[in-house]
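Just so you know, all these numbers are worked out from the coordinates, no wet-lab data involved. Predicted model, so just to flag it, every value in this text is computed and none were measured. Neighbour counts run over all protein chains shown; Cβ positions are idealised from the backbone, glycine included.
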Amino acid sequence: MAKAILIIDVQNDFCEGGALACQGGAQVAKKISEYLSSNSNKYDFVIASRDWHTPNSENGGHFPANGIDPDFVTTWPLHCIAGEEGAEYHANLDTSLIDIHIKKGQGEHGYSIFEGTTDSGETFPELLERLKITTVDVVGIATDYCVRASSLDARKTGLEVRVITSLTAGVAASSTEAAIDEMVDAGISVAPTA
């Protein structure tokens, strides 16, 4: 029975200066690196996801059609385009500490890590099964979107899930609070610190 930490979408476009910036994103990237440096022995696997949206595509309705403004509910400004600077991990995240990389949102919304695949094409659920992962800690960006979706999917799959909120950044206070309530109601442990 293995334990993993899931680092969700700590990417340039979700940090200060990016296309969909979250306040505190760069700081969270730094704090995750510091946490991993001193706690790597607590995890069998360190797994990180990235939005990796297909260029020149609406990505299943994630991006609005040309000439239409995003509604920030179901459609979003262009972000994390595969191969572009915005899709890269933030420089404050020490990628040498990551064992497995997952790309998601390739032609689709891709909020949850469960929608992603490794570069070899293994789906995230297949990976969990192969590595016998039963427990996950979830950190990253954004608390109220992709961290929420990934955590809820992990819980639905029967995993033991903890979200470490000091290692997350949210889009807005109200939606972050609502996401935390929803996660707690789903049986997820939400802890301010590890």
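Let me make sure I get this right: for the stretch 1-79, a, b and c are the square roots of the gyration tensor eigenvalues over alpha carbons, sorted descending. Under 1.5 in a/c it's rounded, otherwise prolate if a/b > b/c, else oblate. Which is it? Working shown, then result.
Numbers: a/c = 3.65, a/b = 2.03, b/c = 1.80.
Prolate shape, in that a/c is at least 1.5 and a/b is the bigger ratio.
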What number, rounded to the nearest 500 deg cm²/dmol, is the helix-based mean residue ellipticity at 222 nm of the chain, given -39500 (n - 2.57) per DSSP H run of at least four residues and division by all its residues? -7000 deg cm²/dmol
So what's the angle, to the nearest 10 degrees on a 0 to 90 scale, between helix 25-39 and the longest Cα principal axis of the chain? 20 degrees
In nm, to one decimal, how far is the Glu84 label point from the Ala2 one, both placed 7 Å along Cα→Cβ? 3.4 nm
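Ratio of Rg to Rh for the stretch 2-191, alpha carbon only, Kirkwood?
Values: Rg = 15.3 Å, Rh = 16.3 Å.
So for the stretch 2-191, dividing Rg by the Kirkwood Rh gives 0.94.
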Between Glu34 and Glu108, how high is the FRET efficiency from 1/(1 + (r/R0)^6) when r is the Cβ-Cβ distance and R₀ = 30 Å? Nearest 0.05. 0.35
Taking every DSSP beta bridge that has both residues in the stretch 1-135, what percent is antiparallel when rounded to the nearest 5? 20 percent
By how many nm would the segment from Asp71 to Glu160 grow when fully extended, if each residue of separation counts as 0.36 nm and the alpha-carbon distance is taken off? 28.6 nm
Cβ-Cβ FRET estimate between Ala194 and Asp99, R0 fixed at 22 Å, reported to 0.05: 0.75
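Peptides 107-118, 160-171: what's the order by average Cβ count within 10 Å, highest mean first?
In descending order of packing, they fall as 160-171, 107-118.
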